Amino acid sequence: MRTTIPVIIAFLSGLVLAVSIFFRPEETVIGRIEPELLVWVTIIGGFTLFLGAVSITRVNYNAVRRLKKGWVYNLLTLVSVFVMALPSLLPASWSPLFGDAEGSIYDWLFQRLDKPMMATMFGMLAFYIASAAYRAFRARSAEATILLLTATVVMLWRVPMGEALLRSINPDFPDWINTYVMNGVNMAVQRGIIIGAALGAASMSLRIILGIERTYMGKQ
Amino acid sequence: MMNLAESLSIALKKKSKKIPVLINVLLFFLLSFPGSVTADDTTGSAFRYERLNALVIVVVFSAAVLLYTRWARQGRPLFVRKIPGIDAVEEAVGRATEMGKAVLFIPGLQELDDIETIAAISILGRVARITAQYETPLLVPVRYPLVLAAGQEVVEQAYNELGKQDAYNKDIVRYVAGEQMAFTSAVNGLMMRERPAANIFMGAFFAESLLLAETGNAAGAIQIAGTARPEQLPFFIAACDYTLMGEELYAASSYLSKEPLMLGGLKGQDFIKIIIVLLILVGVILVSLDIGDWYYKLFEMA
Amino acid sequence: MSIWSKFEAIDRRWIYLLVALSVIIPFILPVKFPVYITPESQQLFEAVDSLPENSVVLLTFDYYPSTIAETEPMSRIALHHLFRKNIRVVTMTTVPLGGPSMAEQVTRELAAQYGKVYGVDYVNLGYKANYVAVLKGLGSSIEAIYPTDNTGTPLRKLPLMDNVKNYDDMAFIYVVSDNGIVDYWISIVNALYGIPVGCGVTAVMAPKFYAFVSAGQMTGLLGGMKGAAEYEKLLGRPARATSGMDAQSLLHLLIIALVIAGNVGYFVNLHQKGKNV
């Protein structure tokens, strides 16, 4: 029963959503069911946020209680979660510090702490890309050499300084890169991967709808 | 429990009494809904004929998958090429076991409604069976609560089925953060503190792919990644030991299961791929000869 | 061991230091190189430029604050273009954290510059969870998905939304994104509703989308900060993206130099190993 009902729900929901795109929504019942199902998904998604809050609290609380290695970070996480969440949940009518509008505690923390920290994390990519490229691009074989040379010209082409350099060699060089590398080789490879992945996704969806694939429910 | 595909397959084979029931279910959806078109609807076009081409593709694709699944059930041998990245999963868990360290599994950074995440959760089920078998610690940080619930269910089932309930802990799968970079920094911290021996990244990844893989590389872990996002593949290839590309991610669960029924789905998918390659070739020839307009229109979807 | 052979294994901390310097130095000593326009950016610019006055464009802020260096210049220059052409703008986001407030902040700032009125010339719908459902739902009814705007005002009280009920009432969708949502704008919205979709994405994502531009599923593409700089040039308003081009140039050159150094070290060591054998 624990598997049968979810499999039936998956089958019916999948079938309704797949079939609905072939019928006009304004003229068929199935067309009206589809947006209804989509609203349900949004509502269920909202409720599950509670599960996340419980999990993050339990994991970090247990780590602090047992003074596990690095427990200070867990404590910091707990404090951050509650300091950020609680004032934003309280109604703004009580105080301008509550809610998530401009001037609220949430907004202040978001603008002055969260936003720069996120940008910093993303900025670290520049360091990691340089280090990974340095390690990975070695002319060990013919294929690796082609990859290395292509990456070099594309990197040059994507910045004004490099593009100026390429144009000094031949004014048409950047256009060749755009035509033959980006809109040629790159596009062909991307299409191959995208088509393959799309078929894989469709096949997986079909296996799920028909109940062949049930491992996502913990069943073999 | 017998799944619906099996029921359908058996029903068709034995022409049992199940046929009317199954067909009725299908007919209920396929026919009764459009039948509710209002009487004053003179166009009679509840069905979108302009999307007939897509319907044909859906039907052919479904038929191919079902047919191969049926053949697989009948015991026909199906060849599936080796995928080194998937074979390496067991090796990576073995290494972690020897070193007495954990295995870190990240099921991507997308919601559960993303098919890549579902594929990742399926692979997690297989990986959890291996870690349960060897009693290797498993860490699964997730970004979305729904993925948390699904992940916990899958891992718990795997441990239960192997009789390792005592080794299971609800916090194996844990919610870390909803924001991409907060999630990344938390997982990077986890990698540097816990030093897992194997990192498995499966599912949808974005800008964090390299941040995670480089940190794992610096921490000295064996790393296996799999994603259908072409833009992230170069980063994983640069920083990981094995990378599953595109459709290999979706094949991984079936491949790991080694079940004929699951492998049948893969063969059906390959069959369709051959058809698509042929259709593309025909299109290229026709368009090159400047007589391909009609052919092009066949594939346009409104 | 020669100095050349050491190039094969430079400590990553030295690499990090060089990266930091290559980003900081151009801001102190700027060198202005001309920005050339790629056909994909030109296509997006022309698509927007050819829209009639008063038409409605949906501009999305589908990005997290982490990527604002790349994405926000795109949103800004897009708004400059749209407001300058008196096109009415509906903004929305599928990103919960930061998306709504960034959309609000940037749109209000630029609307004030052009004297645009909220509710008449532009509306910010804000965020709704579950993007696939949202994207599909907007095709049937915007009001069903967004009964109110970002500040809680019912849509029926906003004059702009009187005639904007679903995608059919929009002329163009301008997606600015740093994540996988772009795939859905193409595969759901463009494919099912036929509305043209143009995109500005991070540099990492851009190569994937050339295939969609070529297939006509995407109308123009801006790739990363360079794409934004190209659009700024097309509109004749050099701004943040243009000023970031020097740092990006130097960083790319540094990476190329590191790759060359790594290969020099690799071949020197290979040669020495050959001698020793």
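The values are calculated or read from the model by the stated rules, or taken from the named source; none is laboratory data. Small disclaimer: the values here were computed from a predicted structure and weren't measured. No Cβ is skipped: glycine too gets one built from the backbone with ideal geometry, and neighbour counts run over all protein chains shown. Only protein heavy atoms, including side chains, enter the accessible area calculation; ligands, DNA and RNA are left aside. Shrake-Rupley method; radii C 1.70, N 1.55, O 1.52, S 1.80 Å.
A:Ala101 versus (1) touching a helix residue (DSSP H, G or I) at 6+ places or on another chain (Cβ under 9 Å); (2) in a helix (DSSP H, G or I); (3) more than 18 Å from B:Asp241 (Cα to Cα); (4) open to solvent by 50 Å² or more (accessible area, probe 1.4 Å): which is the lone unmet condition?
In the conditions (1) touching a helix residue (DSSP H, G or I) at 6+ places or on another chain (Cβ under 9 Å); (2) in a helix (DSSP H, G or I); (3) more than 18 Å from B:Asp241 (Cα to Cα); (4) open to solvent by 50 Å² or more (accessible area, probe 1.4 Å), A:Ala101 misses (2) alone.
Condition test on B:Gly216, is it more than 19 Å from the chain's Cα centre (by Cα), more than 9 Å from chain A (Cβ to nearest Cβ) and part of a helix (DSSP H, G or I)?
Yes; evaluated as a whole, the condition is true for this residue.
Among the candidates A:Gly192, A:Gly211, A:Gly200, A:Gly196, single out the residue that is small (Gly, Ala, Ser), within 30 Å of B:Ala64 (Cα to Cα), outside the structural domain of A:Gly14 (by TED's automatic domain parsing) and in contact with a Ser or Thr (Cβ under 9 Å, 6 or more places away or on another chain).
A:Gly211
Any residue at all in region A:174-184 that's more than 8 Å from chain B (Cβ to nearest Cβ), open to solvent by 30 Å² or more (accessible area, probe 1.4 Å) and outside any helix (DSSP H, G or I)?
no
Out of (1) part of a helix (DSSP H, G or I); (2) among the hydrophobic types (A, V, I, L, M, F, W, C); (3) buried (at least 22 other Cβ atoms within 10 Å of the Cβ), what's the single condition that is false for B:Leu244?
The number of the failed condition is (1).
Among the residues of region B:69-86 satisfying the criterion of being part of a helix (DSSP H, G or I) and open to solvent by 50 Å² or more (accessible area, probe 1.4 Å), which is farthest from the other protein chains (Cβ to nearest Cβ)? Spell out the reasoning first.
Filtering region B:69-86 down to residues part of a helix (DSSP H, G or I) leaves B:69-73, B:84-86.
With open to solvent by 50 Å² or more (accessible area, probe 1.4 Å) added as a condition, the list becomes B:70-71, B:73, B:84.
Details: B:Arg70: 11, B:Trp71: 14, B:Arg73: 10, B:Pro84: 17 Å.
That would be B:Pro84.
Could you check region B:192-213 and list, in sequence order, the residues that are touching a residue at least 40 places away in the same chain (Cβ under 8 Å) and either surrounded by fewer than 24 Cβ atoms within 10 Å (Cβ to Cβ) or assigned to a loop (DSSP other than H, G, I, E, B) (or both)?
Passing the criteria: B:Glu194, B:Arg195, B:Pro196, B:Ala197, B:Gly203, B:Ala204, B:Phe205, B:Phe206.
Out of (1) farther than 19 Å from B:Glu116 by Cα; (2) touching a Gly at 6+ places or on another chain (Cβ under 8 Å); (3) within 10 Å of chain A (Cβ to nearest Cβ), what's the single condition that is false for B:Met191?
So B:Met191 meets the others, but not (3).
Considering only residues that are part of a helix (DSSP H, G or I), charged (D, E, K, R) and more than 25 Å from the chain's Cα centre (by Cα), which ones fall in region C:1-46?
If the condition is that a residue be part of a helix (DSSP H, G or I), charged (D, E, K, R) and more than 25 Å from the chain's Cα centre (by Cα), then C:Lys6, C:Glu8, C:Arg12, C:Arg13 are the ones that fit.
Considering only region B:117-153, how many residues are open to solvent by 10 Å² or more (accessible area, probe 1.4 Å) and assigned to a helix (DSSP H, G or I)?
Summing the residues that are open to solvent by 10 Å² or more (accessible area, probe 1.4 Å) and assigned to a helix (DSSP H, G or I) in region B:117-153 gives 11.
Under 9 Å by Cβ, and 6 or more places apart or on different chains, what pairs join a residue from region A:151-164 that is within 7 Å of chain C (Cβ to nearest Cβ) and charged (D, E, K, R) with one that is surrounded by fewer than 18 Cβ atoms within 10 Å (Cβ to Cβ) and assigned to a helix (DSSP H, G or I)?
Listed by first residue and then by second, the contacts come to A:Glu163/A:Phe173.
Give the residues of region B:236-248 that are under 22 Å from C:Ala211 (Cα atoms) and more than 7 Å from every other protein chain (Cβ to nearest Cβ), sorted by residue number. Walk me through it before giving the result.
The initial filter retains those residues of region B:236-248 that are under 22 Å from C:Ala211 (Cα atoms), namely B:236-237, B:244-248.
Within region B:236-248, B:Phe236, B:Ile237, B:Leu244, B:Glu248 meet the criteria.
Among the residues of region C:68-92, write down those that are more than 13 Å from C:Gly227 (Cβ to Cβ) and either open to solvent by less than 10 Å² (accessible area, probe 1.4 Å) or in a strand (DSSP E or B) (or both).
Residues satisfying the conditions are C:Leu79, C:His81, C:Leu82, C:Phe83, C:Ile87, C:Arg88, C:Val89, C:Val90, C:Thr91, C:Met92.
In the list B:Val176, B:Val93, which residue meets the criterion of being open to solvent by less than 10 Å² (accessible area, probe 1.4 Å) and touching a strand residue (DSSP E or B) at 6+ places or on another chain (Cβ under 6 Å)?
B:Val93
Please find, among C:Val95, C:Val123, the residue that is part of a loop (DSSP other than H, G, I, E, B), open to solvent by less than 10 Å² (accessible area, probe 1.4 Å) and assigned by TED's automatic domain parsing to the domain that holds C:Leu44. Steps first, please.
Details: C:Val123 fails: part of a loop (DSSP other than H, G, I, E, B).
Only one candidate qualifies: C:Val95.
Only one of (1) at pLDDT 85 or above; (2) polar (S, T, N, Q); (3) under 18 Å from B:Glu153 (Cβ atoms) is not met by A:Asn74, so which one is it?
(3)
Mind listing whichever residues of region A:1-55 are among the acidic types (Asp, Glu) and over 26 Å from the mean Cα position of the chain (by Cα)?
Listed by number, the residues that qualify are A:Glu26, A:Glu27.
(1) basic (Lys, Arg); (2) open to solvent by 40 Å² or more (accessible area, probe 1.4 Å); (3) part of a helix (DSSP H, G or I): which one isn't true of A:Lys68, the others all being true?
Only one criterion is unmet by A:Lys68, namely (3).
All but one of (1) open to solvent by 50 Å² or more (accessible area, probe 1.4 Å); (2) in a helix (DSSP H, G or I); (3) within 10 Å of another protein chain (Cβ to nearest Cβ) hold for A:Arg112; state the number of the condition that does not hold.
(3)
Checking the conditions here, which among B:Ala167, B:Ala207, B:Ala158 is touching a Phe, Trp or Tyr at 6+ places or on another chain (Cβ under 9 Å) and over 19 Å from B:Ala128 (Cα atoms)?
It is B:Ala207.
Give me a count of the residues in region B:162-188 that are at the interface with chain A (Cβ under 7 Å from one of its Cβ atoms) and assigned to a helix (DSSP H, G or I).
Looking only at that region, the number is 4.
Quick check on my filter: what residues within region B:280-297 are in a helix (DSSP H, G or I) and either without any contact (Cβ under 8 Å) to a residue 12 or more places away in the chain or surrounded by 14 or more Cβ atoms within 10 Å (Cβ to Cβ) (or both)?
Within region B:280-297, B:Ile280, B:Leu281, B:Gly283, B:Val284, B:Ile285, B:Leu286, B:Val287, B:Ser288, B:Asp293, B:Trp294, B:Tyr295, B:Lys297 meet the criteria.
Check off (1) modelled with pLDDT of 95 or more; (2) crowded, with 20+ Cβ neighbours inside 10 Å for C:Val204 and give me the number that stays unchecked.
(1)
Report the residue count in region C:161-182 for those that are in contact (Cβ under 8 Å) with a residue 24 or more places away in the chain and buried (at least 19 other Cβ atoms within 10 Å of the Cβ).
Final tally of qualifying residues: 14.
Can you name the residue in region C:98-151 that is of a type in the set (D, E, K, R) and under 16 Å from C:Asp169 (Cα atoms) and is also modelled with the lowest pLDDT among such residues?
The selected residue is C:Lys136.
I'm trying to understand the selection: among the residues of region B:249-258, which are surrounded by fewer than 24 Cβ atoms within 10 Å (Cβ to Cβ) and at the interface with chain A (Cβ under 8 Å from one of its Cβ atoms)?
Result: B:Ser257, single match.
Out of all the residues in region B:214-241, which are more than 20 Å from B:Met192 (Cβ to Cβ), open to solvent by less than 10 Å² (accessible area, probe 1.4 Å) and either of a type in the set (A, V, I, L, M) or not assigned by TED's automatic domain parsing to the domain that holds B:Val142 (or both)?
B:Leu233
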